[in-house]
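Shown next, in structure tokens, is the structure this report addresses.
The values are calculated or read from the model by the stated rules, or taken from the named source; none is laboratory data. Fair warning: this is a prediction, and the values are worked out from it, not measured in the lab. Heads up, the Cβs are rebuilt from the backbone with ideal geometry, glycines too, and the neighbour counts pull from every protein chain shown.
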Amino acid sequence: MLQALLVDVGRIELKDTAEPEPGDDEIVIKVKAALTCGTDLKAYLRGHSLIPMPGPFGHEYSGVVVKVGKNVRGFKEGDEIMGVHSAPCGNCGYCRRGFYNLCEKIMDKKVLGAYAEELLIPSHVIRQNLFHKPGEIEFPVAAFLEPLSCVVHPYSQFDLSCIERALIIGAGPIGLLHSAYMELLGVETTVVDRLTNRLEVAHTIASKVVLSDELEGLKGSAGFDLVVECTGMPEVWEQAVSYLRRGGRLILFGGCPGASRVCYSAGRLHYDEITLMGSFHFSPDDVRRAYQLITEGKIMLNGLISGSFRLEEITRAFELLREGRGIKYAIIP
Ligand SMILES: [Zn+2]
Ligand SMILES: [Zn+2]
């Protein structure tokens, strides 16, 4: 089968590899759609600690079951499925206390290699985070399950009832998903970005859109209840607190390069009682929530797909993203 490997920074190679064979508790799917993701783009541009090179690439997928291990229950050949690429172990200290997204082993056996004709799904993912795809949901839309699971995660951690206005910094796929989800929850969102083409898409989702240059005017005491940082740039992490009202919350969603350091005004954090909140990954509850949102058609996801490419053309998709063109691309093997 054909598989795309990320061999080095900026270099994807297509290889003809052996078709995966499922163990007794595993299944193999034929990938029908795999989506490009901000994490993949980071790996392509500068390497990523969670995506080894050279190695299989891509983790947002949907497809059809083609081979089933003999112990697998609930899925059979021909089933259309949607899933995420990880699941917690259930046994470590974090899992036992319910912090499933922080599971010590969550990244150990993750599914990479969605940019391929076939993909092996391991037993822990099948048991917890793999779902049947309703026929009316298109495969590329179903592949949003992973990014949407990440996006809904922080909102289960605090009381949203006093959040009326939110600022989302960065109109990439993740920022736009945050906007779409919060608008659904009745929060008025303002999305800011430096690229007008992204703001055109944001315009269809958010209450307001603002170019980065105009953001200075939004600082001050009548700030936002919530700011969501989705750029992963340390300087933006630092600036983001200045758009909050007193008592506001900043969700630090965009991951910065590992060695980054940030600096905040102690006065702002203390006297204005600002909450800084990191957000990483998702728990099985978040995946179920995201599954519900997708299958009930609650969020318009099609508009976030800027185009599709065959597997052989995958580099073209990442080069467009490098140039800041497009939100997400569907890779159709
Ligand atoms: Zn992703
Ligand atoms: Zn665990």
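Overview of values
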{"quantity": "Within region 102-111, tally of residues that are more than 10 Å from ligand 2 (Cβ to nearest atom) and crowded, with 21+ Cβ neighbours inside 10 Å", "calculated": "1"}
{"quantity": "Test for VAL209: is it more than 27 Å from GLU60 (Cα to Cα) and either assigned by TED's automatic domain parsing to the domain that holds ILE327 or touching a strand residue (DSSP E or B) at 6+ places or on another chain (Cβ under 6 Å) (or both)", "calculated": "yes"}
{"quantity": "Total residues in region 59-83, condition basic (Lys, Arg) and under 28 Å from LEU5 (Cβ atoms)", "calculated": "1"}
{"quantity": "Entirely in region 1-100, the strands (runs of 3 or more DSSP E) that have 2 or more residues that are among the small types (Gly, Ala, Ser) and crowded, with 21+ Cβ neighbours inside 10 Å", "calculated": "27-35, 60-68"}
{"quantity": "Residue count for region 54-101, restricted to those that are of a type outside the set (Lys, Arg), within 16 Å of ligand 2 (Cβ to nearest atom) and more than 24 Å from PHE139 (Cβ to Cβ)", "calculated": "12"}
{"quantity": "In region 231-276, residue farthest from LEU177 (Cα to Cα) [restricted to those that are among the hydroxyl-bearing types (Ser, Thr, Tyr) and over 19 Å from the mean Cα position of the chain (by Cα)]", "calculated": "TYR271"}
{"quantity": "The one condition in (1) within 15 Å of ligand 1 (Cβ to nearest atom); (2) in contact with a strand residue (DSSP E or B) (Cβ under 6 Å, 6 or more places away or on another chain); (3) among the hydrophobic types (A, V, I, L, M, F, W, C) that VAL151 fails to fulfil", "calculated": "(2)"}
